[in-house]
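Visitor: One structure coming up, written as structure tokens, with questions to follow.
The values are calculated or read from the model by the stated rules, or taken from the named source; none is laboratory data. Computed from a predicted structure; not experimentally measured. For neighbour counting, all protein chains shown are included, and Cβ atoms are generated from backbone atoms with ideal geometry for every residue, glycine included.
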Ligand SMILES: C[S@@+](CC[C@H](N)C(=O)[O-])C[C@H]1O[C@@H](n2cnc3c(N)ncnc32)[C@H](O)[C@@H]1O
């Protein structure tokens, strides 16, 4: 049951997303990251039909209850699944020619409140961090099994720690093995780089984020999902991605760059032979970020970056 007093996750940039996709009766959308269902709810309340995917099975009943209670005569289907398998899921549900596809990446605020999942450093919980508990590898497995040099690489690449900090953190993790709970990880980080200073963010913030990205193969899933999403859009359909950290945003930016150009030859050639054709046009150059007003009402939206592109008509067969 959803506690009646619970405040639902507030989707970032919701007004902008709805403004761009203009949902109405007869239009179909795929919400690749259902979360607590705020975005899906906004689409179906305007008459659009939604197929929504969510990797975390604990989130589905939360969203289902929210949608059921607040939306009359709505057309939607909720599926537990990973957006890396978008094509198969969409085709299975007859959502293979749609008006808009949205990925609102990362975690829902609700997942930070789950007690056994290890997403937060605010409580002592098992070091799990999987969205889908059916997945095999947990955060503890990674922390307890990776050799030191691979831990350092992981901390530099995915937690974006500086090399000196990554080395110290990896050493402290190895000295503290086996790590079982989030507190064990926080202790290791604090031994390595010092304790929280009241004016700074928690020293374990980047390590938690990087580890979650690795446990769930977030970047690989995103790289797999983007071309699938493009294929599933109608000409004129819109692809929107909201990312909250630079690694995700870099992937989206690069993908849009490739898909908006007619030539992707590595060097400029007089006669291009890459046969690549632009498949989208940007609706906005660069990123759209929340207004100061939105950030003051929903501080969790502060690092959101929205990129949006529209599918071009394909060449006549
Ligand atoms: C920021 S929340 C989405 C919030 C949502 N827009 C709302 O209005 O409540 C991101 C959600 O995406 C889910 N998620 C992350 N990666 C996923 C993936 N690869 N496939 C499916 N769902 C994923 C997370 O479990 C989380 O619930």
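Visitor: Give region 284-297 a look and list any residue that's more than 18 Å from the chain's Cα centre (by Cα) and crowded, with 18+ Cβ neighbours inside 10 Å, or say none.
Guide: Across region 284-297, the qualifying residue is only 294.
Visitor: Confirm whether residue 137 is assigned to a loop (DSSP other than H, G, I, E, B) and more than 17 Å from the chain's Cα centre (by Cα).
Guide: Against the criterion (assigned to a loop (DSSP other than H, G, I, E, B) and more than 17 Å from the chain's Cα centre (by Cα)), residue 137 qualifies.
Visitor: For residue 248, state whether it is part of a helix (DSSP H, G or I) and either farther than 21 Å from residue 19 by Cα or within 20 Å of the chain's Cα centre (by Cα) (or both).
Guide: Considered against the rule, which asks whether it is part of a helix (DSSP H, G or I) and either farther than 21 Å from residue 19 by Cα or within 20 Å of the chain's Cα centre (by Cα) (or both), residue 248 comes out as yes.
Visitor: So for region 97-106 (the condition being in the same structural domain as residue 222 (by TED's automatic domain parsing), out of contact with any helix residue (DSSP H, G or I) (no Cβ under 7 Å at 6 or more places or on another chain) and within 16 Å of the ligand (Cβ to nearest atom)), does at least one residue qualify?
Guide: Scanning region 97-106, I find at least one residue that is in the same structural domain as residue 222 (by TED's automatic domain parsing), out of contact with any helix residue (DSSP H, G or I) (no Cβ under 7 Å at 6 or more places or on another chain) and within 16 Å of the ligand (Cβ to nearest atom), so the answer is yes.
Visitor: Please specify each residue of region 107-116 satisfying the condition of being free of Cβ contacts under 8 Å to residues at least 40 places away in the same chain and within 13 Å of the ligand (Cβ to nearest atom).
Guide: 112, 113
Residue by residue, here is whether (1) out of contact with any helix residue (DSSP H, G or I) (no Cβ under 9 Å at 6 or more places or on another chain); (2) within 15 Å of residue 157 (Cβ to Cβ) holds:
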{"position": "203", "(1), (2)": "no, no"}
{"position": "218", "(1), (2)": "no, yes"}
{"position": "221", "(1), (2)": "no, no"}
{"position": "230", "(1), (2)": "no, no"}
{"position": "234", "(1), (2)": "yes, no"}
{"position": "238", "(1), (2)": "no, no"}
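Visitor: For a quick check of your reading of the model, give me the residue pairs whose first member lies in region 95-106 and is more than 19 Å from residue 312 (Cβ to Cβ) and modelled with pLDDT of 95 or more, whose second is away from the ligand (no atom under 16 Å from the Cβ) and part of a strand (DSSP E or B), with beta-carbon atoms closer than 8 Å and at least 6 apart or on different chains.
Guide: Final answer for the pair search is 95/28.
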